[in-house]
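Trainee: Dropping the structure in here first, questions after.
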Amino acid sequence: MHVFLTIVCVLAAIGLFIIYFMITSLFGQSLNLEDIPTMAVIGLLAIVLLFFISGLNAGLTMAYRSAMIKKKMSLMKFFSYSLNMAPKIFGITLLREFIWLLLVGPAIVAYVYILNQYQYLDLIVGFYVLVMTFLTHFIFAPSLVLAGGFELGLFNSLKHGFRLLRKKHIYFLMLYILFAIVWLFNSIPILQIISLFFAYPMISSAIIIMAEDSLKMQVKSIKTDNDEEEEDEE
């Protein structure tokens, strides 16, 4: 259902853009992707698409966690949970993309307007963008899992997610590299069947388990600190 609804959302965004193209044609306007109105429409459609896909990712995370504890998740609950969690996951995703833009934006602008005449700089800039994309997604991955799978608030998801990286960054990095490789398999015919229905759920479940263990340790540590403070006050 996650794959199906993701495709539906993408097709809906394309359909809305086709409607915009038809409206411009009725008024005798040629469609130019560099025009400000067209860029604004594309940007708005991209934001709406990202909003719904963020919710679907949260629903998928909760579905995996429910399966791990042998708890059923109905389709209606998947739909409602995805819509309820969409604003929270969308907020974390926007923060991630904003930081990504701050990191790669200057390099892209410098290459387009200044450095494009130099040999091999396209490969260097492309490699830099790829590395920064991986790092930003890696840094925010625990927060997205904690928000989608454990219904934590925006602030708590970021706080506990960054704590997980601080204490288990090596283990989580190794696991996330496997996740990235499995995710790439989704675009390869035949292999994508194995990835979508076997490898992807297994790696995602492993990430959820690590996030849950880290969350329990943090909660236990907070309770211990509070108990010690109460004893000191007494």
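The values are calculated or read from the model by the stated rules, or taken from the named source; none is laboratory data. The structure displayed is predicted, hence computed values, not measured ones. Methodologically, a virtual Cβ is constructed for each residue, glycine included, from the backbone with ideal geometry; neighbour enumeration extends over all protein chains shown.
Trainee: Could you figure out which of (1) over 22 Å from I92 (Cβ atoms); (2) under 16 Å from the mean Cα position of the chain (by Cα) isn't true of A211?
Mentor: A211 satisfies all of (1) over 22 Å from I92 (Cβ atoms); (2) under 16 Å from the mean Cα position of the chain (by Cα) except (1).
Trainee: List pairs: first residue in the stretch 19-36 and polar (S, T, N, Q), second residue modelled with pLDDT under 80 and exposed (fewer than 11 other Cβ atoms within 10 Å of the Cβ) anywhere in the structure, Cβ distance under 6 angstrom, at least six positions apart or on different chains.
Mentor: Pairs found: none.
Trainee: Scan the stretch 83-100 and give yes if some residue there is among the acidic types (D, E) and at pLDDT 90 or above, otherwise no. So that I can check it myself, show each step before the final result.
Mentor: At the first step, the residues of the stretch 83-100 found to be among the acidic types (D, E) are 97.
Retained after the next criterion (residues that are at pLDDT 90 or above): 97.
Within the stretch 83-100 (the criterion being among the acidic types (D, E) and at pLDDT 90 or above), the answer is yes, since at least one residue qualifies.
Trainee: Pick from A86, A107: which is of a type in the set (G, A, S), assigned to a helix (DSSP H, G or I) and over 30 Å from G153 (Cα atoms)?
Mentor: Numbers: A86 fails: over 30 Å from G153 (Cα atoms).
Of the residues listed, the single one that is of a type in the set (G, A, S), assigned to a helix (DSSP H, G or I) and over 30 Å from G153 (Cα atoms) is A107.
Trainee: Another question, then. Say whether the condition of being assigned to a helix (DSSP H, G or I), out of contact with any strand residue (DSSP E or B) (no Cβ under 8 Å at 6 or more places or on another chain), closer than 30 Å to S205 by Cα and β-branched (V, I, T) is met by at least one residue in the stretch 29-38.
Mentor: Looking only at the stretch 29-38, we keep the residues that are assigned to a helix (DSSP H, G or I), and these are 36-38.
Filter once more, so that each one left must be out of contact with any strand residue (DSSP E or B) (no Cβ under 8 Å at 6 or more places or on another chain): 36-38.
Filter again for closer than 30 Å to S205 by Cα, leaving none.
There is no residue in the stretch 29-38 that is assigned to a helix (DSSP H, G or I), out of contact with any strand residue (DSSP E or B) (no Cβ under 8 Å at 6 or more places or on another chain), closer than 30 Å to S205 by Cα and β-branched (V, I, T).
Trainee: Another question, then. So which of T6, T93, T24 ends up being in contact with a Ser or Thr (Cβ under 7 Å, 6 or more places away or on another chain), in a helix (DSSP H, G or I), surrounded by 14 or more Cβ atoms within 10 Å (Cβ to Cβ) and not small (G, A, S)? Give the derivation first.
Mentor: Numbers: T6 fails: in contact with a Ser or Thr (Cβ under 7 Å, 6 or more places away or on another chain); T24 fails: in contact with a Ser or Thr (Cβ under 7 Å, 6 or more places away or on another chain).
T93 is the lone residue from the list that is in contact with a Ser or Thr (Cβ under 7 Å, 6 or more places away or on another chain), in a helix (DSSP H, G or I), surrounded by 14 or more Cβ atoms within 10 Å (Cβ to Cβ) and not small (G, A, S).
Trainee: Taking the stretch 27-72, which residues are of a type in the set (K, R) and either surrounded by fewer than 17 Cβ atoms within 10 Å (Cβ to Cβ) or out of contact with any helix residue (DSSP H, G or I) (no Cβ under 7 Å at 6 or more places or on another chain) (or both)? Talk me through it step by step, then tell me what you get.
Mentor: So in the stretch 27-72, the residues of a type in the set (K, R) come out as 65, 70-72.
Within the stretch 27-72, K70, K71, K72 meet the criteria.
Trainee: For the structure I just gave you, tell me whether A141 is touching a Pro at 6+ places or on another chain (Cβ under 7 Å) and part of a helix (DSSP H, G or I).
Mentor: On the way: touching a Pro at 6+ places or on another chain (Cβ under 7 Å): no; part of a helix (DSSP H, G or I): yes.
No; evaluated as a whole, the condition is false for this residue.
Trainee: Still on this model: Under the condition of being closer than 13 Å to Y171 by Cα and of a type in the set (G, A, S), which residue from the stretch 194-216 is surrounded by the fewest Cβ atoms within 10 Å (Cβ to Cβ)?
Mentor: My answer is A206.
Trainee: Given the conditions (1) modelled with pLDDT of 90 or more; (2) within 30 Å of F4 (Cβ to Cβ), report the number of the one that K72 does not fulfil.
Mentor: Checking K72 against (1) modelled with pLDDT of 90 or more; (2) within 30 Å of F4 (Cβ to Cβ), the one that fails is (1).
Trainee: Could I ask something else about it? Would you confirm whether or not the stretch 169-177 contains a residue that is within 12 Å of the chain's Cα centre (by Cα), modelled with pLDDT of 90 or more and aromatic (F, W, Y)? Spell out the reasoning first.
Mentor: Of the residues in the stretch 169-177, the ones within 12 Å of the chain's Cα centre (by Cα) are none.
No; the residues of the stretch 169-177 include none that is within 12 Å of the chain's Cα centre (by Cα), modelled with pLDDT of 90 or more and aromatic (F, W, Y).
Trainee: Which of (1) among the hydrophobic types (A, V, I, L, M, F, W, C); (2) at pLDDT below 90; (3) within 26 Å of L102 (Cα to Cα) does L196 not meet, given it meets every other one?
Mentor: (3)
Trainee: So, in the stretch 180-219, how many residues would count as being over 19 Å from A67 (Cα atoms) and of a type in the set (F, W, Y)?
Mentor: So the count comes out to 2.
Trainee: Here's something else I'd like to know. In the stretch 101-111, which residues are surrounded by fewer than 15 Cβ atoms within 10 Å (Cβ to Cβ) and either at pLDDT 90 or above or closer than 22 Å to L50 by Cα (or both)?
Mentor: L101, L102, G105
Trainee: Still on this model: Which one is farthest from V131 (Cα to Cα) among residues in the stretch 180-198 that are in contact with a Leu (Cβ under 9 Å, 6 or more places away or on another chain) and assigned to a helix (DSSP H, G or I)?
Mentor: Residues of the stretch 180-198 in contact with a Leu (Cβ under 9 Å, 6 or more places away or on another chain): 185-186, 195.
Within this subset, residues satisfying the condition of being assigned to a helix (DSSP H, G or I) are 185, 195.
Numbers: F185: 19, S195: 23 Å.
Per the stated criteria, the residue is S195.
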